[in-house]
1. Under 5 Å between amide hydrogens, which residues at least 5 positions from V149 or on another chain qualify, with H placed 1.01 Å from N in the peptide plane?
2. When ligands, DNA and RNA are left out and all protein chains stay put, how many square angstrom of accessible area per residue does the chain have with a 1.4 Å probe?
3. Enter the Cα centre distance for the pair the range 405-427 and the range 298-323, rounded to the nearest angstrom.
4. How would you rank 410-422, 124-136, 148-160, 107-119, highest first, on the average number of other Cβ atoms within 10 Å across their residues?
5. What does the charge count near M73 come to, summing +1 for each Lys or Arg and -1 for each Asp or Glu among other residues with Cβ under 13 Å from its Cβ?
6. Around E137, with a cut-off of 10 angstrom between Cβ atoms, what is the net charge of the other residues, counting Lys and Arg +1 and Asp and Glu -1?
7. Once you put a point 7 Å from the Cα of E71 and another 7 Å from the Cα of N20, both along the Cβ direction, what distance in nm separates them?
8. What does the charge dipole of the chain about its Cα centre add up to, to the nearest 20 debye, if the Cβ of each Lys and Arg holds +1 and the Cβ of each Asp and Glu holds -1?
Amino acid sequence: MGIINEKFMLKNETARKLYNDFAKDLPIIDYHCHLSPQMIAEDYRFKNAYDLFLGGDHYKWRQMRSNGIDEKMITGDGDEFEKWMGFAKTFPLLIGNPLYHWTSLELKRYFDIDIPLSEKTAKEIWDKCNECLLKPEFSAQNLIKRSNVEVICTTDDPADDLRYHKQLRDAGFPTKVLPTFRPDKLVNIEKVEFLPYIEANGIDSFEKVISFVGEKIRFFHENGCRLSDHALEYVPFALGDAKAVFDKRLSGGDLSADEIDTFKTAVLAECAKHYTELGWAMQLHIGALRNNNGKMFESLGADTGFDSINDLCIAEKLSAFLNNLECADILPKTILYTLNPKDNYVLGTMLGNFQKAPIAGKIQFGSGWWFNDNRDGMEEQMKALANLGILGNFVGMLTDSRSFVSYPRHEYFRRIFCNLVGGWVEDGEYPEDMDALKVIVEGVCYKNAKTYFGF
């Protein structure tokens, strides 16, 4: 038998009561993910277990490479069952890795499969999954409905026409599928993609950068967007002539680090001004070192499993950036994520510098992200927040996933959270006041996000 049962990750009676009574059946608000709105709108039907579980999942690809699986059998043109076998060969070795828990939850919750995946069971599980995938209830939309998802926020480029979000809204799909404004290609002036991007969007002056930002943010707002997202190695801050920097880049000049930060600061501040006016939340994902393997980047492109944690010092510029926005009265609701756990206490203390009524938890410490999306990472993030701020105001979990069966990650989070809180109660560090605990658990697992984002 498998590991998924009522006591999974719930190590005491209080934890089990909190989970079963207050968390288990709450709807899901997935306020940051990378699902394809086109696949949702077209109600995509998955071809087989590889397509559902392994297609596009660089978490799994990364571990398969670590187990010596040839790239042909990961992202190449190898037989899809043989790729599935490669993951099955890897899976039993993943003791302590969240992929073991996530995949076990996915198999149990969607396919009622209890047996652990291995080379011996791979064919049996492959056949059962593929048989199920022939049924209508395993389409993209029906997987979302079965997962009790109330809101999905996808990740979208400013130039996107949002046709699929409109299509889903007009069709009356019961789950809200909303866009998220992700202007990285416009912000990252130093990247090779910058000049082709601005040319494709008819931008040939700094004034047009500014007008483009305002126009697109309002277009996104009209189509339900209530969040932005920015992927940053560090939060930049430099004050200067951003127009001159843009003109220099357009004419082929090389930019200094300070000039790059000057442009980024100006564009991010312009974005923040609009976010504040519209009541959006701004997400800052800080600390990824991307595309480390140049050879594989040339072969496969970005987001294929060759990223890692950066170790830059982030506090001083982050503080200056947030302070600059606050002094100009344009600091929006903001969620700060760190990929490097060394910065948990940096972010955990930075929050308190910029909290402001009437919003409870206006500045948030985002949940354990990417390489921290595991029990230890989640617990350390929540302990840091509890030690330094108000855990009860936390907006909780998101999937950050491209997978349509990733929603058990919310169950994983809720179990970990209830176990953490239950442990504190049983250790005598918080009273066994179920009314107060109900408010905390329901808030962190669902209600805080619903209120914070205005969904």
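1. Excluding prolines and chain starts, which carry no amide H, the hits are I28.
2. For the chain, the solvent-accessible area averages 42 Å² per residue.
3. 28
4. Ranked by mean Cβ neighbours within 10 Å, highest first: 410-422, 148-160, 107-119, 124-136.
5. That sum, taken over residues with Cβ under 13 Å, equals -1.
6. Numbers: positive: K135, K145, R146; negative: none.
It works out to a net charge of +3.
7. 5.0
8. Details: 53 positive and 68 negative charges, 154 e Å.
Dipole about the Cα centre, nearest 20: 740 debye.
The values are calculated or read from the model by the stated rules, or taken from the named source; none is laboratory data. Remember, it's a predicted structure, so these values are computed and weren't measured experimentally. Virtual Cβ from ideal backbone geometry, glycine too; neighbours counted across all protein chains shown. Surface accessibility is based on the protein's heavy atoms, side chains included, excluding ligands, DNA and RNA. Shrake-Rupley method; radii C 1.70, N 1.55, O 1.52, S 1.80 Å.
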